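Computed from the coordinates by the stated procedures, all read-outs in this text should not be read as laboratory data. What you are looking at is a predicted structure, and each value in this text was computed from that prediction instead of being measured. Quick reminder, even Gly has a Cβ in these numbers, built from the backbone with ideal geometry, and neighbours come from all protein chains shown.
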Amino acid sequence: MRGWVVAELRGPDGKLKQRIEQHNLVTDQGDIFAAAAIYTGAYAAWGMKLGTASTAASKSGAGSFIAVGDYVSGSNKALDDSTPKAGGANDVVQFRRLYAAGEGTSATINRVCICGNTDANGEADASDTYAIAVFAAQIAKGADDTLTVTWNVTYTGA
């Protein structure tokens, strides 16, 4: 599997301040979750968390989750109601979260994850992380800004 992450930061006036597009990495645990999701409603309780560390994304280990020390307070949010949803050819699944003004505010956002423990205000540990992305450029989200993270995961069959 592979994914494509788009993060859009908007000021209080709604104007686009920053846009980042890049690939993500589905973790070893994410591969297991995806296989299980074929038979269950595994995505129902999933959401996103933001982090400040710039550690390289990895399939396992320190780069495969958002640690307690780099978690952006208040960024544990469920996916938007309209996601996940199937894409055009049904081989793409889209996940999205809009961080409204006052949510996930940090001057040093470097990473995002899709995880299954958004009820916990803290670490997105490796056992609950589906996918992780480290942004190519740091995002500075002010208290009045909004940040939309749209994640497209392609099931390649490879």
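The overall shape of segment 104-157 is oblate: from the C-alpha gyration tensor, with semi-axes ordered a ≥ b ≥ c, the ratio a/c is 1.5 or greater and a/b is no larger than b/c.
A full extension of the chain between Lys59 and Ala78 corresponds to an added length of 4.6 nm, given 0.36 nm per residue minus the alpha carbon distance. Straight-line reach from Lys15: taking Cα to Cα under 17 Å and skipping same-chain neighbours fewer than 8 places apart, the aspartates and glutamates in range are Asp144, Asp145. Using the average count of surrounding beta-carbon atoms within 10 Å as a protection proxy, the listed peptides 125-138, 69-82 rank, highest first, as 125-138, 69-82.
Can you give the translational diffusion coefficient of segment 2-154 in µm²/s, computed by Stokes-Einstein from the Kirkwood radius over Cα pairs at 37 °C and 0.692 mPa s? The partial results should precede the final answer.
Details: Rh = 15.1 Å.
Stokes-Einstein gives a translational diffusion coefficient of 217 µm²/s.
Spatially, segment 1-24 and segment 88-156 are offset by 10 Å when compared through their Cα centroids.
For a paramagnetic label modelled at 7 Å from the Cα of Gln138 toward its Cβ, which residues of segment 90-113 fall within the zone defined by backbone nitrogen distances under 19 Å? Counting only backbone N, you get 104-113.
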